[in-house]
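What follows is a short report on a single structure.
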Amino acid sequence: MTNATRKSKSVGDDQNGTDPIQAYDKGQAPAFCTICESLRALIGKALPQATSKVWHGSPVWFVDDNPVVGYNATAKGVNLLFWNGQAFDETDLKPVGKYGAAQASFADAGDVDGKVIRRWLKKAGADVFDSRAFFKKLRKAK
């Protein structure tokens, strides 16, 4: 079993014992499936302490119950999202939403630069956004 398909850190296998992230990847168009598999392998190697599952319909990796990185396929490509990406000071990551997330988009497998993504993943593992505490504080403020 390759790192891209390993299940040891994945949670939430379906009732048939299949890996939901692998099923997600295989359900994409062939070009986007290749991108998803590449991203999964890079994430698995860079964040071995993380757990993963399909969350809100997309593969997501968590550190201490906090979402760190995930990806989703769209009609135009695959987006790689970092929950704390705006803190990375990386011009290739574009801000998303209002809470500090940022993402990169890939339309072709050749766009996936492993060296750059490993750098982002290193930052993601070192600077985890404590979403649980953040949103708890927001709820109390209301």
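The values are calculated or read from the model by the stated rules, or taken from the named source; none is laboratory data. Just so you know, these numbers come straight off a predicted model, no measurement behind them. Methodologically, a virtual Cβ is constructed for each residue, glycine included, from the backbone with ideal geometry; neighbour enumeration extends over all protein chains shown.
One table, with the values for the structure above:
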| read-out | value |
| --- | --- |
| Residue match in segment 5-27 (condition: more than 20 Å from residue 115 (Cα to Cα), assigned to a strand (DSSP E or B) and at pLDDT 95 or above) | no |
| Residue, modelled with the highest pLDDT, within segment 109-142, restricted to residues that are assigned to a helix (DSSP H, G or I) and farther than 25 Å from residue 48 by Cα | 140 |
| Residues of segment 43-101 that turn out to be of a type in the set (Val, Ile, Thr), farther than 16 Å from residue 125 by Cβ and buried (at least 20 other Cβ atoms within 10 Å of the Cβ), as a count | 1 |
| Residue in segment 76-92 that is assigned to a strand (DSSP E or B) and over 18 Å from residue 37 (Cβ atoms) present | yes |
| In segment 29-41, residue surrounded by the most Cβ atoms within 10 Å (Cβ to Cβ) [restricted to those that are part of a helix (DSSP H, G or I) and free of Cβ contacts under 8 Å to residues at least 60 places away in the same chain] | 36 |
| Single residue of 97, 114, 57, 110 found to be out of contact with any strand residue (DSSP E or B) (no Cβ under 9 Å at 6 or more places or on another chain) and at positive phi | 97 |
| Odd one out for residue 44 among (1) touching a residue at least 24 places away in the same chain (Cβ under 8 Å); (2) outside any helix (DSSP H, G or I) | (2) |
| Complete set of residues in segment 52-64 that are outside any strand (DSSP E or B) and closer than 10 Å to residue 128 by Cβ | 64 |
| Among (1) touching a residue at least 24 places away in the same chain (Cβ under 8 Å); (2) within 14 Å of residue 129 (Cβ to Cβ) - the single one residue 49 does not satisfy | (2) |
| Options 127, 108: the member that is without any contact (Cβ under 8 Å) to a residue 60 or more places away in the chain and either more than 22 Å from residue 32 (Cβ to Cβ) or not β-branched (Val, Ile, Thr) (or both) | 127 |
